[in-house]
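For reference, the structure I am asking about is given below.
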Amino acid sequence: MKKYKDRIFVAIVGLIFASMTFTAWIVSQKESSESERRKLAQFPELSYASIKDGSFMTKFENYTQDQFPLRDAFRTIKAVFAYYMLGQLDNNDIYMKDGYAAKLEYPLNEDSVHHAADRFEYIYNKFLADKNRNIYLSIVPDKSYFLAEQNGYLRMDYEKLFAIMQDKMSYANYIDITTTLDITDYYKTDTHWRQEKLNDTAAKIAAEMGVTLSGEYTQNALEFPFYGVYYGQVSLPLPAETIYYLTNDILDSCKVTNYEDGTVGGIYDMDRAVGKDPYEIFLSGSRSLITIENPNYEDERELIIFRDSFGSSITPLLVEGYSKITLVDIRYLRVDFLDKFIEFDGQDVLFLFSTLILNNSETLT
């Protein structure tokens, strides 16, 4: 009897293996993973040279892992087992606490922070030093600033990061926004902060720059569910969130020009609400150079913001205090080319970057 049971078990396992192998070969390969928001490995080129140097098998192994049938389902099973059965504290460097998914951001990469400060100093020396203008620095803490240490996770030395940036950027007035934020100001499944929670933060930045904001908006909700970047990375069945965005007559009348493709539109790009990352409704997401013109501002006062993606959602809340705001993302626009697009002439200047970028600044050109 035991012999028959063993044979049946082997047959079932073999059938499952054969079925999945057959499925893997007949199902079209996917270009990208929506849940992980990354491109997936494709079937590698087969050649004598790639077989000889071993690169074919390495790439083929990556291909089979990325294109495995029911891959997302198996990733979820693995994550649930690791978190809830084994008591593992994180999965793929993502941890969960109080319903919030956050990435382990440790240790402090001082070389990266210095690199970021050096790039900003290069901008200052090349375009700003000989001009009479007000320059500011503000740093957006990532979610681990609020979650890690008090919950027993490794935490980078945020205070040292802030100190390095202030010391290296002595030419800029530092605006500390950490006291205006807490963990509830961030999405649970994403890296970013929630626009509808940023009135106090925007008011703090504006006040330090000598600008007064009314802070009067209408709150609107996207009808489409939002699953942030950590949703796919943590692989747990987390509930969807809602993106809220703020409007008023001033924002509705603003003209936004995207210099990457020459398009002109509004503050919110609703076509992106149904895209891979609905957070990109805020100023169309990561763009190298855009301008916002506010026809309701009676005088001429301009602001240049050097920023990352966190700047997309808070900048609309600063529009009321300026006739024009120019947003620059030097991850996509080389610093040496700035004066080809921007005439530096008396604008306020704000460097607004997250700790995630400062601690991983190799993308800054």
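The values are calculated or read from the model by the stated rules, or taken from the named source; none is laboratory data. Because the structure is a prediction, the values reported are computed rather than measured. Counting neighbours? That spans all protein chains shown, and the Cβs are built from the backbone with ideal geometry, glycine included. Accessible surface areas use protein heavy atoms only, side chains included; no ligands, DNA or RNA. Shrake-Rupley method; radii C 1.70, N 1.55, O 1.52, S 1.80 Å.
Kirkwood Rh over Cα pairs of the range 233-281 into Stokes-Einstein at 20 °C, 1.002 mPa s: D in µm²/s? Mind dumping the intermediate values first?
Values: Rh = 13.2 Å.
D = 163 µm²/s.
If you don't mind, another one. Would you calculate the separation in nanometres between label points at K276 and I51, each defined as 7 Å from the Cα along the Cα-to-beta-carbon direction?
Modelled inter-label distance: 3.4 nm.
Over the range 233-319, with every protein chain in place, what whole percent of the accessible area is carbon and sulfur at 1.4 Å, could you tell me? Working shown, then result.
Working: 1500 of 3480 Å².
C and S fraction of accessible area: 43 percent.
May I pose another question? Just to confirm a number: summing +1 for Lys and Arg and -1 for Asp and Glu over residues other than I281 whose beta-carbon lies under 10 angstrom from that of I281, what do you get? Can you show the working numbers first?
On the way: positive: R272; negative: D269, D271, D277, E280.
That sum, taken over residues with Cβ under 10 Å, equals -3.
Related question: Amide H of F282: which non-local residues (sequence gap of 5 or more, or other chain) have their own amide H closer than 5 Å, using H built in the peptide plane?
Those qualifying (amide H under 5 Å, at least 5 residues apart or on another chain) are D269.
Which ³J(HN,Hα) values, rounded to whole Hz and listed in residue order, are derived for the range 332-340 from phi using the Karplus coefficients 6.51, -1.76 and 1.60 in 6.51 cos²θ - 1.76 cosθ + 1.60 with θ = phi - 60°, glycine and proline given as x?
So the J values, rounded to whole Hz, are 10, 10, 5, 4, 5, 9, 4, 6, 6.
Continuing with this model, one more query. Cα convex hull of the range 198-305: mean projected area in nm², to one decimal? Walk me through the numbers before you get to the answer.
Working: hull surface 33.8 nm².
Taking the Cα atoms of the range 198-305, their convex hull projects to 8.5 nm² on average.
Rank M270, L303, P225 by how far each Cα sits towards the positive end of the charge dipole of the range 223-351 (+1 on Lys, Arg Cβ; -1 on Asp, Glu Cβ) and give me just the farthest.
It is P225, whose Cα lies furthest towards the positive end.
Additional query: Using a simple spin-label model with points 7 Å from Cα along the Cα→Cβ vector, what separation in nm is obtained for S286 and H115?
1.5 nm
Here's a follow-up. Against the globular-protein guess of 2.2 N^0.38 Å, express the Cα radius of gyration of the range 200-249 as a ratio, rounded to two decimals.
1.66
Also: Which pairs, out of K131/K324; K188/K276; K197/K324; K160/K255, put more than 29 Å between their alpha-carbon atoms? All intermediate terms of the calculation are to be shown ahead of the outcome.
Working: K131/K324 19 Å; K188/K276 17 Å; K197/K324 24 Å; K160/K255 39 Å.
Beyond 29 Å: K160/K255.
Could you state the number of Å between the C-alpha centres of the range 184-233 and the range 241-299?
14 Å
Let me ask something else. Given H placed on each backbone N at 1.01 Å, which residues far from R301 in sequence or on other chains put an amide H within less than 5 Å of it?
Residues meeting the criterion, in which the H sits 1.01 Å from N, are S323, K324.
Can I ask one more? Order these peptides, 314-325, 275-286, 250-261, by their mean beta-carbon neighbour count within 10 angstrom, highest first. Can you show the working numbers first?
Numbers: 314-325: 22.6, 275-286: 19.2, 250-261: 15.7.
For the peptides 314-325, 275-286, 250-261, the packing ranking is 314-325, 275-286, 250-261.
Let me ask another. Compute the FRET efficiency between A221 and F337 as 1/(1 + (r/R0)^6), taking r as their Cβ-Cβ distance and R0 = 51 Å, and round to the nearest 0.05.
Computed FRET efficiency for A221 and F337: 0.85.
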